[in-house]
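Data first, discussion second: the structure below is written as structure tokens.
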Amino acid sequence: MSKPKLALYWAATCGGCDVAVLDTQTKVLDLADAFDIVLWPIAIDFKYSDIERLPEKSIDVCLFNGAVRNAEQEHLANVLRKRSGLLVAFGSCACGGGIPGLANATDRQAIFARAYRETPSTVNPDGVEPATEIEMPEGVLTIPEFYDSVRCLDQVVNVDYYVPGCPPTVELIGKVVDALVSGELPPLGSVVAADKTVCDECPREPKENRKVKAFRPLCEATPNAEECFLDQGIVCCGPATRAGCGATCPLANAPCRGCFGPPPATVDQGLKLLSAVSSVIDAKNEDEIEGIVDQIQDPLGLFYRFGLPRSLLHRKRKN
């Protein structure tokens, strides 16, 4: 009897989600026992043509990590969607755009200018930038088109399940593996995580009277391990982030980064975090409020670190 087929693919990502799968140790063996792996670029040498030859819906499950940044990734998203019974957005980048999604704060022209002209280490006197085609003696070489906007997976194709995290925790991946192996899956469209916020999992105690006169970055602080970060003037994304990680970062004396995305019924994670931060500011006039808020470094990168493409902002406004 043939095994069901599994694909794992990475798009615009760092590779951490694939490493996290390997970190599950014996759970990887459970996957290998239960499934025939037909695509996994980090571990096995399959070609795109091998996948393109497969019939529709012949892949039972695809774990797709990474955002969609270029034409190759969009093509593979469509190829894998057509051939997969279940397509899972795996990790923060696939679910919300992730760190690559912060590129939406600028545009392709500015990114190319920085990468190929402006950096101190760049030697490019002719100002050459990537082209999708170039003539060579051996023939025409092509590279994927680099898009102006980063998109999360479900902005390109339909997605059946979401597994958040940067990367998803080993425990969460184990839960996903168990569900896949047993066939006991949650309802379609589910986010495989908890339905509360990180604050509900965090053991730190908030003050009864929450008043903050100043904000400071973690690198300039020695946080009290028992006290809520916000009460110490350190922005923590816990109030605006879905639970399910076990409050891993706060337990390591670091504020939540927000990688599990917004909690249920939250339209925009950044706006929810802005509301939480605003509620603790202790100021009596507009100038004082502005002075306190100005102490928050890189607010866009902090409030939308993992979800700018998913947000109401989506990207920098085009003129």
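Quickly rank 170-181, 118-129, 96-107 as a protection proxy: mean count of other C-beta atoms within 10 Å, highest first.
Per-residue mean Cβ counts within 10 Å order the peptides as 96-107, 170-181, 118-129.
Please say if the stretch 1-41 is rounded, prolate or oblate, where rounded means a/c under 1.5 for a ≥ b ≥ c the square roots of the C-alpha gyration tensor eigenvalues, and otherwise the choice is prolate for a/b larger than b/c and oblate otherwise?
The shape class here is oblate.
Which chymotrypsin sites (Phe, Trp or Tyr not before Pro) in the stretch 117-196 pass both tests, a DSSP loop state and at most 15 other beta-carbon atoms within 10 Å?
Loop-located and lightly packed - none at all.
Please list 3J(HN,Hα) in residue order for the stretch 257-265, calculated via the Karplus relation 6.51 cos²θ - 1.76 cosθ + 1.60 where θ = phi - 60°; whole Hz, with x for glycine and proline.
With coefficients 6.51, -1.76 and 1.60, one gets 8, x, 6, 8, x, x, x, x, 6 Hz.
Spin-label point model (7 Å from Cα, Cβ direction): what's the Thr122 to Glu227 distance in nm?
That separation, rounded to one decimal, is 4.5 nm.
Which distance in nm do the two modelled labels at Lys316 and Ala254 give, with both placed 7 Å along the Cα-to-Cβ direction?
Placing both labels 7 Å beyond Cα along the Cβ direction yields 2.8 nm.
Using unit Cβ charges (K, R positive; D, E negative) and no other charged atoms, how large, in debye to the nearest 20, is the dipole of the chain about its Cα centre?
480
Ranked highest first by the average count of other Cβ atoms within 10 Å around their residues, in what order do 213-220, 54-61 fall?
54-61, 213-220
Would you give the gap between the C-alpha center of the stretch 290-312 and the C-alpha center of the stretch 121-198, rounded to a whole Å?
About 23 Å separates the Cα centre of the stretch 290-312 from the one of the stretch 121-198.
How much length, in nm to one decimal, is gained on full extension between Val28 and Asp45, taken as 0.36 nm per residue of separation minus their Cα-Cα distance?
Full extension of this stretch gives 4.4 nm more.
Would you please classify the overall shape of the chain from the alpha carbon gyration tensor, given that a ≥ b ≥ c denote the square roots of the eigenvalues, rounded means a/c under 1.5, and beyond that prolate means a/b larger than b/c while oblate covers the rest?
Oblate, since a/c reaches 1.5 and b/c is not below a/b.
Nearest-5 percent of antiparallel DSSP beta bridges in the chain?
DSSP beta bridges in the chain are roughly 30 percent antiparallel.
Let me check I've understood the local charge: for Gly244, count other residues with C-beta under 12 angstrom from its C-beta, Lys and Arg +1, Asp and Glu -1. What total comes out?
-1
Going by the alpha-carbon gyration tensor, a ≥ b ≥ c the square roots of its eigenvalues, is the stretch 106-147 rounded (a/c under 1.5) or, if a/c is not under 1.5, prolate (a/b greater than b/c) versus oblate?
Oblate.
Here, each number is a calculation from the coordinates, and none is a lab measurement. What you see is a predicted model; the values in this text were computed from it and never measured. Quick reminder, even Gly has a Cβ in these numbers, built from the backbone with ideal geometry, and neighbours come from all protein chains shown.
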